[in-house]
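Below is one structure; the comments refer to it alone.
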Amino acid sequence: MVKGREEDGRLIISLAGEINTFNASQVEEQIQKIREEHPCDSIEIDCDQLKYASSAGLRVFLRLMQAVNETVFTNVHSELYEILDMTGFTEMTKVRKAYRVISVEGCEAIGQGANGKVYRTDLETIVKVYLNPDALSEIHRERELARLAFVAGVPTAIPYDVVRIEGGGYGSVFELLNAKSFAKLIIGGEKTPDEVAEMSIRLLKLIHSKEIRSEILPDMKAVALNWAHFLKDYLPEDRFEKLISLISAVPEDIHLMHGDYHVKNVMLQNGESLLIDMDTLCSGNPIFELASMYNAYVGFGLVDPEKTEAFLGMSADICAAFWRKSLALYLDTNDEQWIDEVEAKAKIIGLTRLMRREIRRDGLSREDGRRMIEACRDNLVELLPGVDTLVF
């Protein structure tokens, strides 16, 4: 019922069966004996084989937590987790669930972002696989962000399960019956790019209509300022100062934004548009959202248009036209001069981000990276003098 071993300075105690009124004292004695044989300040309680713990068992856990500096519960099955959560253990210490293991081998990849890749595992289910192999904290944060948007009235897919991925890593599972990404609708000919653009902007305006003040939402103005400050040694001094001045002058704003809004991050299910990939949710002036959209549809392929096609699955020409149509719909205008002016504002922020990104990814040591950095720099040098404000 109770086994123990020491590993990397940590005592791992494995429990099996049940801990109830009849055996709790015996279990506690066995745990104490193991602790005496392996004195450690950190203990992991492996609950993989533990089916149940009564109130007497919970008191054993509580006394152990009081006696040891750090106690962590791992491989906790759902029923036991509910008991520990209901009684407050999840607030007092780390409690890690036992996760079922799934494989995404051979599954269709339907989307990809900075932090993960989304696969369809069957007609009803998609799973987001996180690039970080120890992504549980990221998963928890994304669930909170998705819940925040859902409660605010934004249609979003809510993850209902966390799984381990065969081969390593974690994933979030969503139920999306027969849902297709906006990209798939265009590629498959089910909708025209203009029809999808109208659906996309309708949802985007709904998102941007929400004002939310939350500590878990990043402030995109502050984030963009960090991007800009990074370029101090890479831009002419007057252009750098203009860039900082423009971003600093953007008013404080708490409007909700997706942060990575493009045709692979919106699904159509039974006529309803649903957001996915919510880890980029943020707040701020909508110009920061438009900058992200510009990057997705145009910026990534600034030097090599094939990168845009590889990312979204559509030709660079279609993506560029889709971007312009989306911008016209968002601004509710056909005035090309006005569209050009707002595009220039979005480009300034988008290219700032791309230039920083390429430099940080060691782009200066690669030919393609140097070309991208130079293209971003040249565009910024040309654009900045002609823009007096990023607000539209």
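What is the ratio of the Cα radius of gyration of the range 275-318 to 2.2 N^0.38 Å, with N the residue count, to two decimals?
The value comes to 1.29.
List the lysines whose Cα lies under 18 Å from the Cα of K33, skipping any in the same chain that are fewer than 8 positions away.
Cross-link targets: K3.
Over the range 271-392, what per residue volume does the convex hull of the Cα atoms give, in whole Å³?
134
Helix 237-248: angle to the longest alpha-carbon principal axis of the chain, degrees 0 to 90, nearest 10?
60
Enter the accessible area per residue of the range 224-369 (Å², integer; probe 1.4 Å; all protein chains in place).
I get 41 Å² per residue for this part.
Quick check: the angle from helix 24-37's long axis to the longest principal axis of the chain, C-alpha only, nearest 10 degrees?
The angle comes out at about 80 degrees.
Run the numbers for L364 and S248: contour at 0.36 nm per residue of separation, minus the present Cα-Cα distance, in nm.
Computed gain between L364 and S248 is 39.0 nm.
With labels modelled as points extended 7 Å from the Cα through the Cβ direction, what inter-label distance (nm, one decimal) is found for Q26 paired with H140?
Roughly 3.5 nm, to one decimal.
Considering Cα pairs under 8 angstrom that are at least six residues apart, work out the relative contact order of the range 208-366 and quote it in whole percent.
Reported relative contact order: 24 percent.
Given R₀ = 35 Å, FRET efficiency for D194-H77 by Cβ-Cβ distance, to 0.05?
After rounding, the FRET efficiency stands at 0.10.
Given Cα pairs under 8 Å that are at least 6 residues apart, what percent is the relative contact order of the chain?
11
Whole number please: convex hull volume per residue, Cα atoms of the range 242-297, in Å³.
88
Taking a temperature of 4 °C and a viscosity of 1.567 mPa s, what whole-number D in µm²/s does Stokes-Einstein yield for the range 1-60 with Rh from Kirkwood over alpha carbon pairs?
112
Where does helix 220-230 land angle-wise versus the long Cα axis of the chain, in degrees 0 to 90, nearest 10?
80
Tell me, what is the 1.4 Å probe accessible area of H255, in Å² to the nearest 10?
The accessible area of H255 comes to roughly 50 Å².
Can you pull out the GluC sites (Glu not before Pro) in the range 239-307 that DSSP calls coil and that have at most 11 other Cβ atoms within 10 Å?
Those satisfying the criteria are E252.
What does the highest-first list of 259-271, 188-200 look like by mean Cβ count within 10 Å?
Descending packing order for the listed peptides: 259-271, 188-200.
What ranking of I318, I139, I102 comes out by heavy-atom accessible area, probe 1.4 Å, highest first?
The most accessible residue leads, giving I318, I102, I139.
Computed on alpha carbon atoms, what radius of gyration and Dmax characterise the range 1-109, expressed in Å?
15.0, 52
Please get the size of the charge dipole for the range 140-272, origin at its Cα centre, with Cβ charges of +1 on Lys and Arg and -1 on Asp and Glu, quoted in debye to the nearest 20.
180
Among the listed pairs K264/K347; K117/K191; K232/K264; K117/K232; K117/K307, give every one whose C-alpha distance is greater than 27 Å.
Over 27 Å apart, Cα to Cα: K232/K264; K117/K232.
If you roll a 1.4 angstrom probe over the protein chains with everything in place, what fraction of the accessible area of the chain belongs to carbon and sulfur, to the nearest %?
Using a 1.4 Å probe with all protein chains present, the chain comes out at 46 percent carbon and sulfur.
Going by Cα centres, the range 28-86 and the range 242-284 are how many Å apart?
42
Which trypsin sites (Lys or Arg not before Pro) from the range 38-120 combine a DSSP loop assignment with at most 12 other Cβ atoms within 10 Å?
Here the sparse-neighbourhood loop sites are R100.
Tell me what the chain gives for mean residue ellipticity at 222 nm when only DSSP H runs of n ≥ 4 count, each as -39,500 (n - 2.57), the sum divided by the residue total, rounded to 500 deg cm²/dmol.
-14500 deg cm²/dmol
Do me a favour and compute the ellipsoid semi-axes for the chain from its Cα gyration tensor, root of five times each eigenvalue, largest one first, whole Å.
Three semi-axes, in Å: 48, 24, 19.
The values are calculated or read from the model by the stated rules, or taken from the named source; none is laboratory data. Remember, predicted model here, so these are calculated numbers, not experimental data. With ideal geometry, Cβ positions are generated from the backbone for all residues, glycine too; neighbour counts draw on all protein chains shown. Areas reflect the complete protein model, heavy atoms only, side chains present, ligands, DNA and RNA absent. Shrake-Rupley method; radii C 1.70, N 1.55, O 1.52, S 1.80 Å.
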